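One structure is given here, and the rest of the page talks about it.
Here, each number is a calculation from the coordinates, and none is a lab measurement. Just so it is clear, the model here is predicted, and its values are computed rather than measured. Methodologically, a virtual Cβ is constructed for each residue, glycine included, from the backbone with ideal geometry; neighbour enumeration extends over all protein chains shown.
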Amino acid sequence: MSDLLEFRLLKFIVAIAETANFTRASERLFLAQPTLSQQVIALEEGLGVQIFVRRREGVSLTPAGQMLYAYAQEALELRDEIVGAARAMDRGEIPVLRVGLSTFINPDSVQSLQQAYTRLFPDSPIQMAGGHPVQLLQRMEEKALDAAILPLPVTGTNWVVSHVASDPLVVCMRADDPLASSREVQPSELAGRLKVFRDPETHPAAHHRLMEMLLEIGIRPEASCLAATPADIQMMVQSRCGLALVDERTVLPSDLTLRPIAGAKWTADTAFVHHASANHIALSILLRHLPKAKRTTTRKMPLRQHPLKPIQLELMA
């Protein structure tokens, strides 16, 4: 069976499922009704699967037919997207893809995006713009950016969020810190010392989540040192301002080191995000080719929906 014939049969499934009638489906497909019926019967016999239940009052999908219908919709949509993109590339009409980058994402995520986009759209430019999550989300709302790579969580219903990376969250400390002599840090040892945090104003949802995670294991942090960039965090830790939490893959200078928190296997999660109304022709195809976050046994703390506790309000003030 040729690829062309397979797509044609998928169109048959969609038309019959959506009209619930062979006659109306044949009119939609500009095909004689007996020919359509014969083709579908041959498909069912070839697959060894009944796709449709035929009754006098109409046609309905079997459970197997429901699955094939969902696949047919997706396959036809992808085909149309790829053909449209190929034609746009041939005419040199793929616009610049404008991607925002949070300063707190791992460089590997940026490299993966660039590699995937270059492989799919080799002659199409990509433009990067740095910023913090609040800024980047606003720029996507304003159509000044097509997408962004951001730390999770991303709140709101207007976003398409694809989880692309998940890395352990660990304690950053000076290499000569007494805690560095242990393989892991007990939560009680962080009391009064965990002071260096990202500025809450740059990503309020992430700060909220982190505060809850810490409180659940009995840590009451003092957010007295607020950083705008990873370099700021490292500088503050080097300057003995306090300890910080960072992605385990963070590249550190020799005078800093990392240790996990005992009993708190948390992750720093990263996503490729775009607005639900974004219309760049490359986005849907690119999303299918971005690496997905690997599944691990690491436990993620839930983001609660109740109001912030007093201690959290103080920390965010």
Exposed GluC sites (Glu not before Pro) absent - longest run of the chain, DSSP non-H/G/I/E/B, at most 15 other C-beta within 10 Å
249-317
Potential lengthening between Q135 and E74 on full extension [0.36 nm per residue; Cα-Cα distance subtracted]:
18.6 nm
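Counting other C-beta atoms within 10 Å, which of H289, H280, H132 has the fewest, and how do the rest follow?
On the way: H289 13, H280 17, H132 20.
Ranked by crowding around the Cβ, least crowded first: H289, H280, H132.
What list do you get for C225, C241 if you sort them by fewest beta carbons within 10 Å? Don't skip to the answer; put the middle values down first.
Working: C225 18, C241 15.
By the 10 Å Cβ count, ascending, the order reads C241, C225.
Apply 1/(1 + (r/R0)^6) to the Cβ-Cβ distance of D199 and L252, taking R0 = 25 Å, and write down the FRET efficiency to the nearest 0.05.
For R0 = 25 Å, the calculated efficiency reads 0.75.
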What is the distance, in nm, between label points placed 7 Å from the Cα along the Cα-to-Cβ direction at E93 and at K143?
1.8
By how many nm would the segment from E81 to E44 lengthen if fully extended, with 0.36 nm per residue of separation less the alpha-carbon distance?
10.5 nm
Tell me which label goes with the value of semi-axes √(5λ) of the Cα gyration tensor in Å computed from the coordinates here: (i) 28, 26, 16; (ii) 51, 23, 17; (iii) 63, 25, 20.
(ii)
Acute angle (nearest 10 degrees) that the helix 33-47 long axis makes with the longest principal axis of the chain, alpha-carbon atoms
50
Cα→Cβ-extended label distance, 7 Å offset, between V161 and Q127, nm
2.8
Can you sort S182, S254, S26 by how many other beta carbons sit within 10 Å, fewest first?
S254, S182, S26
The Rg/Rh figure for the stretch 3-90, Cα atoms and Kirkwood Rh, to two decimals is 1.02
